[in-house]
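Notes to accompany the following structure.
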Amino acid sequence: MSEAAARLYPLRPFVGASIAVIRGDRVLLAARANAPMRGVWTLPGGLVEAGEALAEAALRELREEVGLSAEVVGVLAPTEIIQRDADGRIRHHYVVHPHAALWCGGEPAAGPEALDVRWATRDEISGLETTPGLSGTVAEAFSRVRAQQAAAAP
């Protein structure tokens, strides 16, 4: 059974971590290479491995998906993704814990889990097909980063 097939009709939710990397007035997005939601824009992220802290998972996924590193600023409100089939049975259930982060340098490149990557403004996100809750998560990430920057300013 493939990994994707093993995630269908789960007995319990899968736990994921994602990362909103902020660079000026833009956030890094990746177009998903895998089902569910192939081709949809989202934050880099994936499943948390056993024994891995949420922030560690977010940073690992960032490296694997787009080849970047970042500095985590804080944890954001989780997002639930629940998809049902035509009979109402739960086909997918993920609980994703996003993190706000600051870009540390380098340019992203799409890895095996991303069809494409881009830096997008909040206005540009509204014109894209995105994962559920992305706009609110990105707004919260910008707010968290701005607050952290203001607190660090002399």
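The values are calculated or read from the model by the stated rules, or taken from the named source; none is laboratory data. Please read these numbers as outputs of a predicted model, since none were measured by experiment. Quick reminder, even Gly has a Cβ in these numbers, built from the backbone with ideal geometry, and neighbours come from all protein chains shown.
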Note: among 77, 147, just one is part of a loop (DSSP other than H, G, I, E, B), surrounded by fewer than 14 Cβ atoms within 10 Å (Cβ to Cβ) and hydrophobic (A, V, I, L, M, F, W, C), namely 77
Mind checking which residues of the stretch 98-135 are assigned to a helix (DSSP H, G or I), in contact (Cβ under 8 Å) with a residue 24 or more places away in the chain and either closer than 25 Å to residue 35 by Cβ or touching a strand residue (DSSP E or B) at 6+ places or on another chain (Cβ under 7 Å) (or both)?
-> 125, 134
Is there a residue in the stretch 21-40 that is closer than 16 Å to residue 142 by Cα, at pLDDT 95 or above and in contact with a helix residue (DSSP H, G or I) (Cβ under 6 Å, 6 or more places away or on another chain)?
-> yes
For the stretch 5-17, does any single residue satisfy the condition of being modelled with pLDDT under 95 and either assigned to a helix (DSSP H, G or I) or closer than 22 Å to residue 149 by Cβ (or both)?
-> yes
Confirm whether residue 95 is of a type in the set (A, V, I, L, M, F, W, C), part of a strand (DSSP E or B), surrounded by fewer than 17 Cβ atoms within 10 Å (Cβ to Cβ) and on the phi < 0 side of the Ramachandran plot.
-> yes
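Test of understanding: among 76, 68, which residue is modelled with pLDDT under 95, in contact with an Asp or Glu (Cβ under 9 Å, 6 or more places away or on another chain) and aliphatic (A, V, I, L, M)?
Just one listed residue meets the conditions, 68.
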Hey, residue 100 over 20 Å from residue 31 (Cα atoms), modelled with pLDDT of 95 or more and hydrophobic (A, V, I, L, M, F, W, C) or not | no
Which of (1) touching a helix residue (DSSP H, G or I) at 6+ places or on another chain (Cβ under 6 Å); (2) surrounded by fewer than 17 Cβ atoms within 10 Å (Cβ to Cβ); (3) more than 24 Å from residue 143 (Cα to Cα) is the odd one out, the single condition residue 48 does not satisfy?
-> (2)
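Is one or more of the residues making up the stretch 60-70 in a strand (DSSP E or B) and either surrounded by 14 or more Cβ atoms within 10 Å (Cβ to Cβ) or of a type outside the set (Lys, Arg) (or both)?
yes
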